[in-house]
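Please read the structure below before turning to the comments.
Values quoted throughout were computed directly from the atomic coordinates according to the rules given, and no laboratory measurement underlies them. Please read all numbers here as calculations on a predicted model, not as lab measurements. Cβ atoms come from the backbone with ideal geometry, glycine included; neighbour counts cover every protein chain shown.
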Amino acid sequence: MSSRVHACEHTVGVAAPAGVVYGMLADAVRWPVFLPSVVHVERLDFDGVQERLRMWELADDAAADDADAAADAAADGAAAGAGAGAGAGGVGGVLGGRVGSWYARRVLHPDVRAVVFEQEDAVWPGSVTSGVWSVRPAGEAECVLGLRQECGLPVAAADGARREAEADVHRRLAQVRRAAGWWERLDELLLSFEDRVRIEGPAELVYDFLYRIGEWPGRVPHVERAGVREDVPGIQVVSLDSCAAPGGRTVSTRVVRLCFPHAGRIVYKETLTSGLVAAHSGEWSLLPDASGVTVVAAHQVMLRQEAVGRVLGAGTGLLEARDHVRAWLSRASTETLGLAKWHAESTVRRLR
C-alpha cells in the first residue's frame, strides 16, 4: 500500500515555567502518572542525552479520555455520598480500548528545551513516527509548548488518517498542558511508597498468585469482583470492585496490567481511579534469592486536589489526604502480599 508523509505542528500556551514543562517531557518514565493515556514506560538504554524506551499506551484515545472523565465524576459522586470510588461508568464493565506498544529513540536537548524522538510500532516494524517537542519561555511562569510530528499515512485513507494524526497531536499537547498546570503543588500531590514481604517459597508460586487476579474474589478479602480480559498474552485489562477503603465502601477501579513472567514483574496503571486519586500506577516485583523471594509492591500516586475537601471533609489538607491514600493502598497491597505468602509457603509444606 502506497503512503505519503504527513507533517503536523501545533502549539499551546501552558501556565508553568518552561523549565518545569521541559523536565516533565524529559522524564518519560514518570509519564504514567502525568499523562492519562500512557500505561508504562520502560527505559532500555540511556547515556544522559540519548535514550531508548519502550512505551505502552491506550491506543483508543476515547478510552483514556473517558477514564479521566469518569474519575472526575467519581469525585463528584463521593461528595454526594456515593462513596469514594463510585465510577461514572457503573460497576462491572471491563474497560474498552486497545493497548499499543512502541519503541522510541529520543535525544534530549536541555539547552534549547527540545526533545527529538522517533518511535516505531512494536507490532508493525517500519511504521515510524518522528518529531520534536519544544518549549519556549513566555514569561516567568508561562511558556509555549509545541509538538511537531511526521508519519507515513496510507494514500487510500489519507483524509481520515490525517484527521487522526492532527487529533493525536492536539491530545498529547492537552495532556501535557493539564499535567503541567499542577506544577506549584506537585511535591504535595505526588507520593511514592512501597510495601514488601519476605516469602520462604518459590517465586513461581508467588507470581502465579499475583497473575491470576481473576481468582482474587474469594481469596483476597477486600476484592469483591474482578473482570479480566487478556486478548493479548501478558496484557490484562481488569475491572475491580474492592472494599479496602476506610469504612468498607466499595471502590470501583479499572486497571491495565502488563505481565512479565520471566522478569518476575507485573506493572499496572489504573485507568479509572477513585475520587481522591488523579493517577495511580505501580508494580509487583519479585526479588528471588537462594531460599525464597522478597516481593515488593510499589505505588506512584497523583492526588486529586479539588476532591480532598469533598471526600474527606471541609478543611482537610493535602497532608491528611496523603496519609489517607497511603494507608488505604498500603492496606490493600499488604493484605494481598500476605495471602501470596500464605499461598506459596503452604503449597511448599503440602508438597513436602
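For region 230-352, the Stokes-Einstein estimate of translational diffusion at 10 °C and a viscosity of 1.306 mPa s comes to 98 µm²/s, using the Kirkwood hydrodynamic radius over alpha-carbon pairs.
Given R₀ = 22 Å, what would the calculated FRET efficiency be for R196 paired with C243, taking r from the Cβ atoms and rounding to 0.05? Efficiency at R0 = 22 Å is approximately 0.40. Direction-averaged projected area, Cα convex hull, region 153-242: 10.7 nm², rounded to one decimal. Farthest towards the positive end of the charge dipole of region 152-230, among the residues H170, G227, L205, is the Cα of H170, using unit charges on the Cβ of Lys, Arg, Asp and Glu.
Here A174 and S127 are evaluated by their C-beta separation; at R0 = 30 Å the FRET efficiency comes out at 0.80.
Order the peptides 261-271, 168-178 from the highest to the lowest mean number of other Cβ atoms within 10 Å of their residues.
Packing proxy ranking, top to bottom: 261-271, 168-178.
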